[in-house]
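One structure is given here, and the rest of the page talks about it.
The values are calculated or read from the model by the stated rules, or taken from the named source; none is laboratory data. None of these values were measured; they are calculated from a predicted model. FYI the Cβ positions are ideal-geometry reconstructions off the backbone, even for glycines, and counts take in every protein chain you see. When the accessible area is computed, the model is the full protein with side chains, heavy atoms only, and any ligands, DNA or RNA have been set aside. Shrake-Rupley method; radii C 1.70, N 1.55, O 1.52, S 1.80 Å.
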2 protein chains.
Amino acid sequence: MSHIDFVAVDWGTSSFRAWAIAPDGAVMAQHQGDQGMNGLAPAEFPPTLEAALAHMGVTARVPVVACGMVGAAQGWIEAPYVAIGDASHLARGAVKAPTGGRDVFVLPGMKQASPPNVMRGEETQIAGFLHSHPGFTGVLCLPGTHTKWVQMVDGRVHNFLTTMTGELFNLISRQSVLRHSMTDKGWDDAIFEEAVQTTLAAPETIATSLFEIRARDLQTGSDQSPARAWLSGLLIGLDLAGTRRLWGGQTVHLIGAPALTRTYALALGCGGVTAQGLDATALTLAGLRAAARQLLGAPV
Amino acid sequence: MSHIDFVAVDWGTSSFRAWAIAPDGAVMAQHQGDQGMNGLAPAEFPPTLEAALAHMGVTARVPVVACGMVGAAQGWIEAPYVAIGDASHLARGAVKAPTGGRDVFVLPGMKQASPPNVMRGEETQIAGFLHSHPGFTGVLCLPGTHTKWVQMVDGRVHNFLTTMTGELFNLISRQSVLRHSMTDKGWDDAIFEEAVQTTLAAPETIATSLFEIRARDLQTGSDQSPARAWLSGLLIGLDLAGTRRLWGGQTVHLIGAPALTRTYALALGCGGVTAQGLDATALTLAGLRAAARQLLGAPV
C-alpha cells in the first residue's frame, strides 16, 4: 500500500486499534484486535504491531504514533506522565519505542499532583477535541471503565476527577451476588433515571440499595429485566453526586462510545444539565493526527 | 461415640461446620470443611453430610439441625423465609431434608417485605443472642460478606438493612485496578479511621476517592501498606453513612468474627457510638441449640 503517511494506534488495556493515514488525512486501512497491554509481555509488543501492520499492508518505513496503556510502566515502553495543562502538545512528551528500525512514537499520559490523578489515552481524545474546539473552556466527561471528568480552561486541562463507575458496574453485575438478578435484555430509561435521582439526591443510600436488587428478586421472583438499568443508574448517580462540583450548572461535552454517552447524557439530565455526545474514536484519531503533525511534520 | 443428642450444622455458601452436642450441651466433636452450598448439587448434600458425620463418629440415628444457605432455593432443600418478627421460634419454619433415614432439620431464613430484604444464617445467630438477651431492644450489627443491621424491639426483629460491604471490599481489593496497589501487610488504625470519617461525613466522595488510591501509587510509588486500611475505611464509612438511622445514638452489639467486629467497632467509634463484639460462632451454636430444644425436645 502506497501513500501512507503514518499509522495511528490506540493501544489500550484490552484492545488494539490501528488506522493507516494518507497524506490528506484519509483512513486507508484499519485493523483491530484484542491484543491489549494486559495480555502482552514487553517483548511481545513489536511482533504484535508488525503483524497488524503487515495485515494492513503497511511497509517497514511508515512511522507509527500510538497512545494508551502501551505507554504505561507495565506496557511496551513507559512514556512518563506529563503534568496537566496544554493537551495540544502531547508530542513533546512522546517516547520512541525500541524497534528494529521503524519509528514508533508513544504519547504520554497526563497526571495531576493533588489530589493525585492520572489518565492515559483520554489526553489524546482531549487533544482531538481541542483541534475542533481551540481554547475551549468548559467541562468534558469521558465515560468508560474509569470515567474522567475534566475541567478545561482556555484549552488547558485545569483539573480532573476519575470515577471507577464502569469497572464497578462490571464487577458488581458479573461477579457479585447481584449477577443472579441481572438479565441481558430489558433496559428501561425511566427506571435508570429514577435510580440516578436516588443516589444523586442521597448518595449514602447506595450502601443498602444494592442488595435490595437481590432481595426483591428472591422474594418476588418478578421480572428482573430492569435490574441492569437500576444498578447502572445507582452507580452513575453516585458518580454524578461525587463530581457535581465540576458539572453542576455547566454544559457537558461527553466523549465516549455512543451508547455510553447517551446513558450519561440521560443521567446528567436528571441533574438539570444538558450534555452532547461526541464519538471517542473520531477524537482519538484526531488527537493522533495532531501529534503526528508535530512529530513527523506530516501534512495531515 | 455415644451420648450425642444432636449435631448442629452451619452450612453456608462456602463453608460447612458441624458440632456434635451432648445432652448437657457440651461440644463432643466438631468438623469443618469447604463444602459450601456453592460447590454442591442437591444430590451431593446427603453424602457430604454423612461423610462429615462419619468422620466425627456420629451414628446413623442422631438427628441434625442445620442453618444457612443449605436451606436456600439453590441449596439442598428450600426452607422458605419466615417473616421478620420473633427469632426465638425458627424451629416452626424448619423443613425436613430428604434423607435415607436420619432426621435433618433445616432452619428458615428471614425476610422483610418492604423495603425488600432477606437473611439466611444470621437469624440463627440472632436467636442465639436472644437466648442470653431475652426481650432485647436495640441494634445488632452482623458484619460479613453482606453486613446485616438489625433493629430489635422486645426480642423481635423489627426491621433490618443489608450492605454488601464485605463483598465489595473483596471484589475491589482483589479484582479491580486497585489490586495493584494493595499489600497484604500493613494495617493502620489511624488511616482506617480517617477514611471512615471521610465517607461518613461526605459519602459521595467515594465516587472519586477510590481511584485516588491507584493514582497516588502510580505517581509516588510510595509505601502502599496503608492502602488496604484506607479502602476498608472508605467502604465501611459508606456502610455507616447508609445505615446511620439505625445505629445513630445507640449502643451496638456486633456479632461476627473477632477481627471484623473490632474493625466495625473502630468505625462506629468515629460515629460517636460504642459497640461491643460478640463471637458469631458461639451465637450460631446457641441458636442451633435453641432450635434443637424445640424440634427434638432435647434437654440441652
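Partner chain Cβ atoms within 10 Å, averaged over the residues of B:191-203 - can you pull that number for me?
Details: counts 0, 0, 0, 0, 0, 0, 0, 0, 3, 1, 0, 4, 10.
Averaged over the peptide's residues, the number is 1.
What lysines does B:LYS111 reach when the alpha-carbon gap must be under 25 Å and sequence neighbours fewer than 8 apart in one chain are set aside?
Within the straight-line limit of under 25 Å, B:LYS111 reaches these lysines: B:LYS96, B:LYS148.
With a ≥ b ≥ c the root eigenvalues of the C-alpha gyration tensor of region B:37-83, is it rounded (a/c under 1.5), prolate (a/b larger than b/c) or oblate?
Oblate shape, in that a/c is at least 1.5 and b/c is the bigger or equal ratio.
Run through the other copies and list how far each one's label point is from that of A:ASN170, in nm with one decimal, shortest first; the point sits 7 Å from Cα along Cα-Cβ.
Taking the point 7 Å beyond Cα along Cα→Cβ, the inter-copy spacings are 2.1 nm.
Note the distances from B:ASP154 to each other copy's matching label point, with points 7 Å along the Cα-to-beta-carbon direction, in nm, sorted shortest first.
Reported distances to equivalent positions: 7.1 nm.
Determine the relative contact order of region A:228-300: mean sequence separation of Cα pairs under 8 Å and six or more apart, normalised by residue count, in whole percent. Kindly include the intermediate steps, with their values, before the conclusion.
Values: 61 pairs, mean separation 19.5, N = 73.
Once normalised by length, the contact order is 27 percent.
By how many degrees, 0 to 90 and rounded to 10, does the Cα axis of helix B:189-201 deviate from the longest principal axis of chain B?
Between helix and principal axis, roughly 80 degrees.
Counting each DSSP H run of 4 or more residues in chain B as -39500 (n - 2.57), what helix-only mean residue ellipticity at 222 nm follows after dividing by all residues, to the nearest 500 deg cm²/dmol?
Result for chain B: -12000 deg cm²/dmol, rounded to the nearest 500.
Put a point 7 Å out from Cα along the line to Cβ at B:ARG262; what are the distances to that point in the other copies, in nm, shortest first?
Here the equivalent label points are 5.3 nm apart from this one.
Cα convex hull of the protein assembly as shown: mean projected area in nm², to one decimal?
The number I arrive at for the protein assembly as shown is 29.1 nm².
Could you grab the relative contact order for region B:153-300? Cα pairs under 8 Å, six or more apart, rounded to a whole percent.
Reported as a whole number, the value is 23 percent.
Accessible surface of B:LEU90 in the full protein assembly, 1.4 angstrom probe, to the nearest 10 Å²?
For B:LEU90, solvent-accessible area is about 10 Å².
Treating only the Cα positions of chain B as identical point scatterers, give the base-10 log of I(q)/I(0) from the Debye formula at each q in 0.13 Å⁻¹.
Values, matching the q order: -0.92.
According to a simple spin-label model (label point 7 Å from Cα along Cα-to-Cβ), what is the distance in nm between B:GLN175 and A:VAL27?
The answer from the label model is 3.3 nm.
Over every pair of different alpha-carbon atoms in region A:71-194, take the mean of 1/r and invert it; report that Kirkwood radius in Å. Intermediate results must be reported in sequence, preceding the final value.
On the way: mean 1/r = 0.0598 Å⁻¹.
About 16.7 Å for region A:71-194.
Please give the average number of partner chain Cβ atoms lying within 10 Å of the Cβ of each residue in A:165-171, rounded to a whole number.
Mean shielding count: 4.
Could you check what % of the DSSP bridge pairs in region A:44-137 are antiparallel, to the nearest 5?
Given both bridge residues lie in region A:44-137, the antiparallel proportion sits at roughly 50 percent.
How large is the accessible surface of B:LEU283 in square angstrom, using a 1.4 angstrom probe and rounding to the nearest 10?
Rounded to the nearest 10, the figure is 20 Å².
Just the number, please: Stokes-Einstein D of region A:169-300 in µm²/s, Kirkwood Rh from C-alpha pairs, 20 °C, 1.002 mPa s.
130
Using a 1.4 Å probe on the protein heavy atoms only, what accessible surface does A:THR99 show? Give it in Å² to the nearest 10.
50
Work out the mean other chain Cβ neighbour count within 10 Å for the residues of A:211-220 and drop it here as an integer.
Mean number of neighbouring Cβ atoms from other chains: 6.
Could you sort B:263-275, B:159-171 so that the peptide with the highest average Cβ count within 10 Å comes first and the rest follow in order?
The most tightly packed comes first, giving B:159-171, B:263-275.
What percent does the relative contact order of chain B come to when contacts are Cα pairs within less than 8 Å and at least six residues apart?
Working: 621 pairs, mean separation 49.4, N = 300.
Contact order relative to length: 16 percent.
State the antiparallel share, in %, of DSSP beta bridges confined to chain A, rounding to the nearest 5.
DSSP beta bridges in chain A are roughly 65 percent antiparallel.
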